[in-house]
Amino acid sequence: MNTSRTPVLFDTTLRDGAQMEGLTLTADDKLRIAQKIDELGVQYIEVFAGSNPKDDEFFHRAPNELRLKHAKLVAFSSTRRAGTTPGKDEGVRALVGTNVPVACIVGKSWDLHVKEALRTTLDENVSMVSSTIRYLKKHFDEVFFDAEHFFDGYKNNPQYAIRVLEAAAEAGANCLVLCDTNGGCLPHEIRAIVGEVHETLPTDLGIHTHNDTDCAVANALAGLEAGAVHVQGAMNGYGERCGNANTASIAANLVLKLGVPVITDAQLARLSEIAHYVYEVSNRTPNPQQPFVGSSAFAHKGGLHASAVARRRDLYEHIDPGLVGNIRHLVVSELGGKATVVLKAQELGIEVGEERTLSGVIRRVKELEHLGYHFEAADGSFELLLRRATGWEQNFFQIESFRVIVETDGHGAISSEATVKLHANGERYISTAEGNGPVNALDAALRKALSTSYPELERIHLADYKVRILNENVGTQATTRVLIESTDGEKEWGTIGVSENIIEASWEALVDGYVYGLLHQPR
Ligand SMILES: [Zn+2]
């Protein structure tokens, strides 16, 4: 590691990351993500500057709508095309039109690509790089050069790859970013090649890696170790094919493992929140196994693990989860045993008290798991189970009955209607509601019946509904397991229902979801 300087963190979620299959970001999404990534404390945020309306909209709105405290915006494009001048090149002109302080341009450094992909001469490619950089330097505070396919180019023709870098440096590039565009390198190759280039050229070097060998983050760190002072990544490892190096993991490793303060401790403590925000806005399901920020990153399931974690946290955790804004999570399952239940109760602030209550809870969990309950994803139901074992009963409402009707009109249209009768705060309520399915209708009727007594339910809604058919252990009769995820906009909780009847299973999970929500609403 170049210890004399703290490297800069350059985030390309909105450029290279946005190339990911299945990802489409509107200008609005990009503005929200840029604002949030700025809060992480990265120094640069790169955005694609094409000559299309969607990219234009971002750069047009950015000056009024973004309040960046740490990062500079970087507009990205390619060098001019062959046989023209930068001032006449449409892409270069679009770049200048973005009015941001930094430009990053990509150019070829692999001779084979110059001949086969660009179909121009090696000399013309060098001139494209240098003339574009020279031109952009008049319009931007800083200009970075992404040397595309640098590592493959260097392996095949090191003289030419270096010649391109030299031309970029001479033209005034502030940083030469060595890109493993195909993502095929291993850390030892990156370390060796970056080291050689670092000895050859005095200009600042950057490292841009992809995850095709599952080594993107390791490669980025190897590049820094060999002398690079600028590292590029995309949040959550977004990017083409297997993705880019993950900005979140790079930041956490630099700060926590290598002692390099690329962001502050306070910024790092928001890592999990920011990573999940990016998932949310880009409409992707978070990866629970994602290092540092995933919901399973500090989950302990085995009984032995859980009891050891209770004694010494560092036995099974490589860092304190709080440092990256994550939390320890004890997974409740029949593997867990006594220690998990005790810990979980402590975590929730519930006094399990006597040994008798505790063995009662464990016996109950085992019975229910045998029936098909599965508390790992149903933390809400588990908490209610623990509370009930200590004699607690919910007194928010008492259900008298429910009914649901599914009807067709003879022309193929199906409608669902539910009626719920319940008592709350000494009153009897009867509500009927329609829905686009029986569970939706039940949810609507239950919510309606409770709304007078509990206006705070306004904040709570169903976030996810999963049905699984279980055929094990129950002979010929299939059992249905329903998992419901509810949220009040801040917190999420899971509840579960199991029955041979899908409506009954759904109802159980639904009711517990509301009970849990009411129990935890401030009032
Ligand atoms: Zn890339």
What dipole magnitude, in Debye to the nearest 20, does the chain give about its Cα centre under +1 on Lys/Arg Cβ and -1 on Asp/Glu Cβ? 600 debye
Using a 1.4 angstrom probe and counting only protein chains, how large is the accessible area of K88 in Å², to 10? 150 Å²
Quick query: amide H of V106 versus all other amide H atoms, modeled in the peptide plane; which residues come in under 5 Å with a sequence gap of 5 or more or a different chain? S77, S78, T79, D146
Extending each Cα 7 Å along its Cβ direction at A266 and E90, get the distance between those two points in nm, one decimal. 4.7 nm
Provide the net charge surrounding A71, with neighbours chosen by a C-beta distance below 12 Å and charges set as Lys +1, Arg +1, Asp -1, Glu -1. 0
Full-extension gain between Q521 and N99, please, as 0.36 nm times their residue separation minus the C-alpha to C-alpha distance. 147.2 nm
For the chain, take the longest principal axis of its alpha carbons; what is the angle in degrees between that and the long axis of helix 502-519, to the nearest 10 within 0 to 90? 80 degrees
With an 8 Å cut-off on Cα pairs and a minimum separation of 6 or more residues, tell me the relative contact order of the chain in percent. 9 percent
With every protein chain in place, the chain: carbon and sulfur % of accessible area (1.4 Å): 48 percent
Heavy-atom accessible area per residue of the range 152-221, all protein chains kept, 1.4 Å probe, expressed in Å², is 37 Å²
Can you show me the helix-derived [θ] at 222 nm for the chain, built from DSSP H runs with n ≥ 4 at -39,500 (n - 2.57) apiece and divided by the number of residues, rounded to the nearest 500. -11500 deg cm²/dmol
Go ahead and run the numbers for FRET between E351 and D214, Cβ-Cβ distance against an R0 of 56 Å, rounding to 0.05. 0.75
Provide the net charge surrounding V342, with neighbours chosen by a C-beta distance below 13 Å and charges set as Lys +1, Arg +1, Asp -1, Glu -1. -1
Report the charge-dipole magnitude of the range 200-313 in Debye, nearest 20, computed about the Cα centre from +1 at each Lys and Arg Cβ and -1 at each Asp and Glu Cβ. 600 debye
The helix 379-389 Cα axis meets the longest alpha-carbon principal axis of the chain at an angle in degrees, between 0 and 90 and rounded to 10, of 30 degrees
Want the number for H188 to T6: 0.36 nm per residue separation, take away the alpha-carbon distance, what's left? 63.3 nm
To make sure I understand the rule: partners must be lysines, Cα under 20 Å from the Cα of K155, and not fewer than 8 residues away in the same chain. Which ones qualify? K108, K115
In range of the label at L201: residues from the range 93-127 whose backbone nitrogen is under 12 Å from the point 7 Å along Cα→Cβ: 107-110
Once R241 and L315 are pulled to full extension, the length gained, defined as 0.36 nm per residue separation minus their Cα-Cα distance, is 23.1 nm
In the calculated pair distance distribution of the chain, what percentage of Cα-Cα distances lie above 44 Å? 33 percent
At q = 0.21 Å⁻¹, what log₁₀ I(q)/I(0) does the range 144-256 have when each alpha carbon counts as one equal point scatterer in the Debye sum? -1.08
May I ask which of K30/K137; K366/K421; K257/K301; K338/K491; K72/K137; K301/K366 have a Cα-Cα span longer than 23 Å here? K30/K137; K366/K421; K257/K301; K338/K491
The alpha-carbon center of the range 74-104 and that of the range 336-397 are separated, in whole Å, by 62 Å
Residue by residue through the range 117-124, the couplings from Karplus 6.51 cos²θ - 1.76 cosθ + 1.60 with θ = phi - 60°, in Hz, x for Gly and Pro, are 8, 7, 6, 9, 8, 4, 5, 4
Would you work out if the range 6-109 is rounded, prolate or oblate? Take a ≥ b ≥ c from the square roots of the eigenvalues of the alpha-carbon gyration tensor; rounded if a/c is under 1.5, else prolate when a/b is larger than b/c, oblate otherwise. prolate
Can you find, among N211, G237, V260, the residue sitting farthest towards the positive end of the charge dipole of the chain, where Lys and Arg contribute +1 and Asp and Glu -1 at Cβ? V260
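The values are calculated or read from the model by the stated rules, or taken from the named source; none is laboratory data. Predicted model, so just to flag it, every value in this text is computed and none were measured. Positions of Cβ are backbone-derived with ideal geometry, glycine not excepted, and every protein chain shown enters the neighbour counts. Only protein heavy atoms, including side chains, enter the accessible area calculation; ligands, DNA and RNA are left aside. Shrake-Rupley method; radii C 1.70, N 1.55, O 1.52, S 1.80 Å.
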